[in-house]
Amino acid sequence: MKHLLPTLAAAALTIALPGTALSATHHDAAGAATTTAPATVSTKLAATKDALRGLWASHIFWVRNVDVARLSGNAAAAKAAEAEVVANAKAIAGAIEPFYGKAASDQLFKLLAGHWGAISEYLDATRAGSKERENAAFVKLGANANEIAAFLAGANPHWPVATLRGLLSAHGAHHVQQIQQLHAGQYDAEARTWAAMSEHMNVIADALADGLAAQFPDRFR
């Protein structure tokens, strides 16, 4: 399983949802390369991307704090960080409420709680040195990614389920890779994983924001 994690984590960084502003290279009649600038992003869309980026960045920040605290045996720090993980999940779920209603927000929070639960189980399995429990938690993490992808895709046709699965599966792989590296004291490698995780959070946040703007264009003018 471990050898698959870097591949999964890197693969999703090449994925973009329809509506994501990307520059493109073309060639004119003389064969010279020209670059088409990204489409202009409205102020409201830019603000939404910034807000979602902040929420997803906080997710990985507080989960990492839990990882470090539990691995070092600091129960008080772990408890405080865990409370922040839950509060952040509620905030991420709350971000969709203005578009899809409270029931949808509650359902997303439930799914995000499952995401955190699988990460927590994997962390405890690593601490206990149980490969069997690690594998079970990894499977649970992947299944939860599929559930979140299906839920979001069902709400918004501009969030393709296959793309969301790729993005969320890679995100889960980052968590697993980070836990293994922290547990092994591979801090240089974990620093690189952290950088990749942070960039990936921006990819997820921007993809979600672009999907909202495509489905609700009047709210983003």
TODO: Mind giving me the nanometre distance, one decimal, between the label points for SER42 and GLU199, set 7 Å out from Cα along Cα→Cβ?
DONE: 3.0 nm
Task: Long-range lysine pairs (8 or more apart or interchain), segment 89-161, Cα under 22 Å - done: 6
TODO: Using θ = phi - 60° and the Karplus relation 6.51 cos²θ - 1.76 cosθ + 1.60, list the HN-Hα couplings for segment 118-130 in order, rounded to whole Hz, with x at every Gly or Pro.
DONE: 5, 4, 4, 5, 5, 4, 5, 5, 5, 4, 7, x, 9
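Can you check what the net charge comes to around ASN202, using other residues whose Cβ is under 15 Å from the Cβ of ASN202 (Lys, Arg +1; Asp, Glu -1)? Walk me through the numbers before you get to the answer.
Working: positive: LYS49, ARG53; negative: ASP50, GLU199, ASP206, ASP210.
Here the charged neighbours net out to -2.
Values quoted throughout were computed directly from the atomic coordinates according to the rules given, and no laboratory measurement underlies them. It should be emphasised that the depicted structure is a prediction, and the values quoted were computed from it without experimental measurement. Neighbour counts are summed over all protein chains in view; Cβ atoms, including those assigned to glycine, are modelled from backbone coordinates with ideal geometry.
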